[in-house]
Amino acid sequence: IGVIYIVRDPRNIVTSLKNHFGLSDDEAALRFLFDEDLTIGLDENKVPQLLSSWKNHYNSWKKFPKNNFLIKYEDLLFDTKNQILRLINYVNNFTKVSISDNDLEKIIANSSFENLKRLETEGMFDENSTNKNDGGTNFFFNMGEKNDWKRLLDKKSRLLIEEKFRHEMIELGYL
């Protein structure tokens with residue numbers, strides 16, 4: 001019927017990639033972000049997935065033939081209520097969803113980073129990964145709003161990302 005696609009500023013993905021996939025440094029994360037032939041799950045007992053580069057991933061989903069609904073991750077963080085209302089409006093094109101102000105507040109509370117991180121630490125989330133260095137757990141909900149490329153990403157990495165993904169980042173309003 002349609003697709004809901006959440007896109008994230010690629011400059012903020014570097015720290016998430018390092019954490020989730022146990023990558024050693026920004027350089028390894030950038031190779032991951034730029035790799036057009038990237039697959040995961042082939043060497044594990046999981047469903048193989050073609051991820052490709054951030055650019056190809058975004059462009060493939062935006063080409064969905066109809067009813068393509070895009071949300072920017074950053075908008076979800078900083079304009080949560082309005083983004084959820086936009087999402088409900090989109091879903092109402094296919095089925096009727098009505099929510100009260102109280103329901104909306106519960107949705108916001110239940111989907112907050114803090115609540116999701118709490119649920120993960122209680123073992124109620126399966127997307128965390130194993131740290132390849134020490135066998136421990138890399139939590140999926142890692143930094144939340146503290147993941148700020150302006151503070152965490154070096155200039156060389158930032159410029160490389162902006163050069164490789166310039167067109168898409170301009171299209172999305174990231175540049």
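The values are calculated or read from the model by the stated rules, or taken from the named source; none is laboratory data. As the structure is a prediction and not an experimental result, all values here were calculated from the model. For neighbour counting, all protein chains shown are included, and Cβ atoms are generated from backbone atoms with ideal geometry for every residue, glycine included. Note: accessible area is taken over every heavy atom of the protein model, side chains too, but ligands, DNA and RNA are not part of it. Shrake-Rupley method; radii C 1.70, N 1.55, O 1.52, S 1.80 Å.
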For the stretch 52-69 the number of residues that are touching a strand residue (DSSP E or B) at 6+ places or on another chain (Cβ under 6 Å) and either surrounded by 15 or more Cβ atoms within 10 Å (Cβ to Cβ) or under 17 Å from residue 175 (Cβ atoms) (or both) is 3
Apart from one, (1) modelled with pLDDT of 80 or more; (2) exposed (fewer than 13 other Cβ atoms within 10 Å of the Cβ) all hold for residue 127; the odd one out is (1)
The stretch 37-51, subset assigned to a loop (DSSP other than H, G, I, E, B), within 14 Å of residue 21 (Cα to Cα) and modelled with pLDDT of 80 or more, residue least open to solvent (accessible area, probe 1.4 Å): 38
Identify the single condition in (1) touching a helix residue (DSSP H, G or I) at 6+ places or on another chain (Cβ under 6 Å); (2) touching a residue at least 40 places away in the same chain (Cβ under 8 Å); (3) not acidic (Asp, Glu) that residue 83 does not satisfy, given that it satisfies every other one. (2)
Take the residues of the stretch 136-175 that are touching a Leu at 6+ places or on another chain (Cβ under 8 Å) and of a type in the set (Asp, Glu): which is nearest to residue 55 (Cα to Cα)? 162
Tell me the residue from 78, 21, 32 that is of a type in the set (Phe, Trp, Tyr) and open to solvent by 60 Å² or more (accessible area, probe 1.4 Å), please. 78
Here the qualifying pairs (Cβ atoms under 7 Å; residues six or more apart or on different chains; first in the stretch 105-117 and under 17 Å from residue 86 (Cα atoms); second open to solvent by 90 Å² or more (accessible area, probe 1.4 Å)) come out as 108/81
Pairs returned, first residue in the stretch 1-17 that is under 18 Å from residue 158 (Cβ atoms) and open to solvent by 30 Å² or more (accessible area, probe 1.4 Å), second residue that is part of a loop (DSSP other than H, G, I, E, B) and not hydroxyl-bearing (Ser, Thr, Tyr), beta-carbon separation under 8 angstrom, 6 or more apart or interchain, are 16/142; 16/143; 16/147
If you take the residues of the stretch 17-35 that are in a helix (DSSP H, G or I), more than 20 Å from residue 175 (Cβ to Cβ) and not aliphatic (A, V, I, L, M), which of them is farthest from the chain's Cα centre (by Cα)? 27
Checking residue 110 against (1) within 30 Å of residue 59 (Cβ to Cβ); (2) surrounded by fewer than 13 Cβ atoms within 10 Å (Cβ to Cβ); (3) modelled with pLDDT under 95; (4) within 21 Å of the chain's Cα centre (by Cα): exactly one of these is not met. Which one? (1)
